[in-house]
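Working notes for the structure below.
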Amino acid sequence: MAASTFPLKDELDIVIPTIRNLDFLEMWRPFFQPYHLIIVQDGDPSRSIKVPDGFDYELYNRNDINKILGPKASCISFKDSACRCFGYMVSKKKYIFTIDDDCFVAKDPTGKDIDALSQHIKNLLNPSTPYFFNTLYDPFTDGADFVRGYPFSLREGVPTAVSHGLWLNIPDYDAPTQLVKPRERNTRYVDAVMTLPKGILFPMCGMNLAFDRSLIGPAMYFGLMGDGQPIGRYDDMWAGWCVKVICDHLGLGIKTGLPYIWHSKASNPFVNLKKEYKGIFWQEEMIPFFQDAILPKDCTTVQSCYKELAKQVKDKLGKIDPYFVKLADAMVTWIDAWDELNPPAKAANSK
């Protein structure tokens, strides 16, 4: 039956940032074709991008972003894959899956094509267990369960907000690691999904990622990166740190592990080093900041949490570099733009 073959077909958008023709979609056709695509074109808006026939999609370029957001378009990065978060904002669906255009279908150890999207959906539709670690990893996986000694009071778990997938072939390394390990390839397929424990941060990679937009969407801001900014390649990680702090505060879960995609090409380590250079220093301050961040009890929505985090970024990280003041302002602009395009639903019992 089609509904079981293509789960959440009408409730999920696939967001793809790109600067090139999307020939890679041919490989994904058996898995993606029934879903709606939101393509965010980066770079020159006068350049036309070809999308293979038969896909249902909407395409936005920089002119569209400026037209839709007006002055608030300043919060959307230019010439950086961080522009993808505009797709999250304009989507009207409950779930988002985002993938890079150099990511292909991977094969599992038996040689079978991996349906990454179905695995992400499975992750999102099953609870997470951030408060107590299960040594069999995800107890909601087929063939697994809670182990002896796992508190029964915690077995219900919490809603899963984010499913973070991994990659075979080209690892997601920073420039210094790329330079010292230019030939290294990830060939390890680990058949596991796990919940990130409460209080633990992680480096989120945006190339194979799904999330429940209704639970965490407003926090999925990929920052101010790329053109005109002193830093790049920290967009997804910035979002991941913000999201983790907010998920911990609101009692939501994040899973990492399966599914794998095939990451086809390594980006230039020297170009990457130029983009990452400041971030490599700044992360030594950014990570302790997020580790120590505490949100007040009266922050009960993602938006209020995010604006509070922006205030703390300005107060604490603003001392490191004026960039963080600019970033904090952009975080607030992002939330204002999100709320403008996604007005909060009026409560049914409101007077």
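The values are calculated or read from the model by the stated rules, or taken from the named source; none is laboratory data. Keep in mind the model is a prediction, meaning the values are calculated, not measured. Cβ coordinates were reconstructed from backbone atoms using ideal geometry, including for glycine residues, and neighbour counts include every protein chain displayed. For accessibility, only protein heavy atoms count, side chains too; no ligands or nucleic acids. Shrake-Rupley method; radii C 1.70, N 1.55, O 1.52, S 1.80 Å.
Tabulated data for the structure shown
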item	result
Of all residues in the stretch 123-147 being without any contact (Cβ under 8 Å) to a residue 60 or more places away in the chain and among the small types (Gly, Ala, Ser), the one that is farthest from Asp248 (Cα to Cα)	Gly143
Set Ser350, Ser267: member being under 20 Å from Asp227 (Cβ atoms), at pLDDT below 95, open to solvent by 20 Å² or more (accessible area, probe 1.4 Å) and of a type in the set (Ser, Thr, Tyr)	Ser267
Residues satisfying the stated conditions in the stretch 287-323, i.e. over 21 Å from the mean Cα position of the chain (by Cα), closer than 23 Å to Met89 by Cα and either surrounded by 14 or more Cβ atoms within 10 Å (Cβ to Cβ) or polar (S, T, N, Q) (or both)	Cys299, Thr300
Residue that is nearest to Leu117 (Cα to Cα) [pool: residues in the stretch 150-181 that are charged (D, E, K, R) and surrounded by 14 or more Cβ atoms within 10 Å (Cβ to Cβ)]	Asp172
Residues satisfying the stated conditions in the stretch 182-199, i.e. free of Cβ contacts under 8 Å to residues at least 60 places away in the same chain and open to solvent by 90 Å² or more (accessible area, probe 1.4 Å)	Arg183, Arg185, Thr187, Arg188
The stretch 1-53 - residue that is of a type in the set (S, T, N, Q), more than 12 Å from Leu117 (Cα to Cα) and open to solvent by 20 Å² or more (accessible area, probe 1.4 Å) and, of those, modelled with the lowest pLDDT	Ser4
Extreme residue, nearest to Ala175 (Cα to Cα), among residues of the stretch 220-229 that are outside any strand (DSSP E or B), touching a strand residue (DSSP E or B) at 6+ places or on another chain (Cβ under 8 Å) and open to solvent by 10 Å² or more (accessible area, probe 1.4 Å)	Asp227
Subset of the stretch 200-219 [free of Cβ contacts under 8 Å to residues at least 60 places away in the same chain, open to solvent by 40 Å² or more (accessible area, probe 1.4 Å) and within 22 Å of Ala116 (Cβ to Cβ)]	Pro203
Meets criteria (in contact (Cβ under 8 Å) with a residue 24 or more places away in the chain and open to solvent by less than 70 Å² (accessible area, probe 1.4 Å)) for Leu117	yes
Failed item, numbered, when Leu327 is tested on (1) open to solvent by 20 Å² or more (accessible area, probe 1.4 Å); (2) not in a loop (DSSP other than H, G, I, E, B)	(1)
Residue under evaluation Gln283, criteria (1) outside any helix (DSSP H, G or I); (2) open to solvent by 20 Å² or more (accessible area, probe 1.4 Å), criterion not met	(1)
Any hit, the stretch 61-78, residues being of a type in the set (A, V, I, L, M, F, W, C), open to solvent by 30 Å² or more (accessible area, probe 1.4 Å) and touching an Asp or Glu at 6+ places or on another chain (Cβ under 8 Å)	yes
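Residue by residue, here is whether (1) open to solvent by less than 50 Å² (accessible area, probe 1.4 Å); (2) in a helix (DSSP H, G or I); (3) closer than 21 Å to Gly165 by Cβ; (4) not polar (S, T, N, Q) holds:
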position	(1), (2), (3), (4)
Ile231	yes, no, no, yes
Trp241	yes, yes, yes, yes
Tyr260	yes, no, yes, yes
Val271	no, yes, no, yes
